[in-house]
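The values are calculated or read from the model by the stated rules, or taken from the named source; none is laboratory data. Just so it is clear, the structure is predicted and the values come from calculations on it, not from any experiment. Glycine also receives a Cβ, built like all others from the backbone with ideal geometry; neighbour counts cover every protein chain displayed. Just so you know, the surface numbers come from the protein's heavy atoms only, side chains and all, with ligands and any DNA or RNA stripped out. Shrake-Rupley method; radii C 1.70, N 1.55, O 1.52, S 1.80 Å.
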Protein chains: 2
Amino acid sequence: MDDAIRPGETSIALPAAYDASIYFIGRIRTPWHERGQCPRQGDRDAGPECRIEIDPRWQAALAGIARYKELQILYWMNFARRDLVLQMPRSRAEPSGTFALRSPARPNPIASSLVALLGVETNVLIVRGLDCLDNTPLVDVKPNYAAPFGSVDSADHT
Amino acid sequence: MDDAIRPGETSIALPAAYDASIYFIGRIRTPWHERGQCPRQGDRDAGPECRIEIDPRWQAALAGIARYKELQILYWMNFARRDLVLQMPRSRAEPSGTFALRSPARPNPIASSLVALLGVETNVLIVRGLDCLDNTPLVDVKPNYAAPFGSVDSADHT
């Protein structure tokens with residue numbers, strides 16, 4: 001589902017082969033079902049609660065996560081085109097290089113968001129601060145060591 | 001080059017297939033040639049200067065990047081095993097879940113570091129704050145919108 005190129009945008013030929021591969025380790029559940037509904041940036045204080053559903057295969061990897069108040073979430077923006085080097089964001093007057101933007105359109109469409117961890121329920125993280133579509137594939141969950149520690153409600157993990 | 005499992009660590013069976021693939025978009029050049037030499041965390045103030053060499057295919061995507069003082073770098077930790085759910089870091093007394101650690105060993109070995117941007121030379125970013133091995137594959141470069149703006153020396157980009 002590639003978007004059309006806008007005036008001022010430039011695409012290049014993608015490499016003939018990929019270099020590495022990833023697993024989707026779960027799904028992100030949010031209230032947004034179309035891209036136009038998504039906020040421009042997540043809000044860790046006032047955004048809606050979202051659910052990060054970890055595939056049961058990886059559930060044991062959540063042990064100890066409730067001690068962190070803030071997590072870094074990596075996810076896959078699977079509807080973005082990967083061949084743009086210059087982009088024309090609606091909010092700017094001139095084209096910008098892809099690496100000078102956080103646009104979903106990039107060679108590897110991996111997004112990174114910092115979220116507030118509100119709770120842990122078996123294989124589900126309850127968080128605030130996401131801005132992605134419902135059902136977005138999850139790539140990674142990491143603690144943000146730079147944020148203050150805390151302890152959230154946890155039914156299954158300590 | 002998988003490491004051995006230590007006492008207290010648990011591995012699982014990986015999925016039979018991958019879900020998505022990535023391109024390596026360049027290489028990271030650092031002073032560290034063995035894992036034991038790498039610092040535990042990068043230092044944006046006092047760490048050594050490192051070079052991020054972008055593949056010429058993507059060079060145009062750097063346009064405008066010199067206006068950011070801080071970048072987020074995603075890279076591929078290609079020597080880590082991907083099947084651990086519980087890990088025993090040397091610094092901890094008990095095993096921790098993989099998602100409660102920033103260890104390289106994780107289902108998708110993508111690291112994320114914030115670096116200070118010191119300069120831009122054609123297709124090379126001069127940065128401070130990395131902690132990875134020399135020649136580490138580069139996955140993405142994003143501006144850190146949360147950091148103050150600035151303008152670094154740039155021979156080729158504005």
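Below is a table of values for the structure above.
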{"quantity": "Ranked packing of B:62-73, A:35-46, most packed first, by mean Cβ within 10 Å", "calculated": "B:62-73, A:35-46"}
{"quantity": "Largest-first ellipsoid semi-axes for the range B:48-131, taking √(5λ) over the Cα gyration tensor eigenvalues, angstrom", "calculated": "32, 14, 10"}
{"quantity": "Inter-chain Cβ neighbour average for residues A:24-37, partner chain, 10 Å", "calculated": "1"}
{"quantity": "³J(HN,Hα) computed for each position of the range A:101-106 - Karplus, 6.51 cos²θ - 1.76 cosθ + 1.60, integer Hz, glycine/proline x", "calculated": "10, 9, 3, x, 6, 6"}
{"quantity": "Debye, to nearest 20: dipole size of the protein assembly as shown, +1 on Lys, Arg Cβ, -1 on Asp, Glu Cβ", "calculated": "220"}
{"quantity": "A from B by rotation - nearest chain B beta carbon to the axis, in Å", "calculated": "B:SER21, 2"}
{"quantity": "Chains B and A together, accessible area buried on both sides, 1.4 angstrom probe, square angstrom", "calculated": "5000"}
{"quantity": "Under the Debye formula (equal points on every Cα, no solvent term), log10 I(q)/I(0) of the protein assembly as shown at q = 0.06, 0.07, 0.12, 0.15 Å⁻¹", "calculated": "-0.19, -0.27, -0.82, -1.33"}
{"quantity": "Diffusion coefficient, µm² s⁻¹, Stokes-Einstein with Kirkwood Rh over alpha-carbon pairs of chain A at 25 °C and 0.890 mPa s", "calculated": "145"}
{"quantity": "Pairwise label distance in nanometres, A:ALA147 with A:ARG6, each label 7 Å out on the Cα-Cβ vector", "calculated": "3.0"}
{"quantity": "Teacher prompt: B:LEU14 distances to equivalent labels in other copies, 7 Å Cα→Cβ, nm", "calculated": "2.2"}
{"quantity": "Label-reachable residues, the range A:59-77, where backbone N falls under 18 Å from a point 7 Å from B:ASP83's Cα toward its Cβ", "calculated": "A:59-61"}
{"quantity": "Solvent-accessible area per residue for the protein assembly as shown (1.4 angstrom probe, square angstrom)", "calculated": "46"}
{"quantity": "Anisotropy class of the range A:18-57 from Cα gyration tensor, a/c 1.5 cut", "calculated": "prolate"}
{"quantity": "Shortest-first nm distances, A:GLY36 label point to equivalent points in other copies (7 Å, Cα→Cβ)", "calculated": "6.0"}
{"quantity": "Gaussian network model of chain A, springs between alpha carbon atoms under 10 Å - residue of A:PRO104, A:PRO143, A:PRO56 with greatest fluctuation", "calculated": "A:PRO56"}
{"quantity": "Occluded residues from the range A:58-102, i.e. those whose accessible area drops by 50 Å² or more once the chain is not alone (1.4 Å probe)", "calculated": "A:TRP58, A:ALA61, A:VAL85, A:PHE99, A:ALA100, A:ARG102"}
{"quantity": "For chain A: relative contact order, % (alpha-carbon pairs under 8 angstrom, 6 or more apart)", "calculated": "37"}
{"quantity": "Accessible area of the range A:82-137 belonging to carbon and sulfur atoms, whole % at 1.4 Å probe", "calculated": "49"}
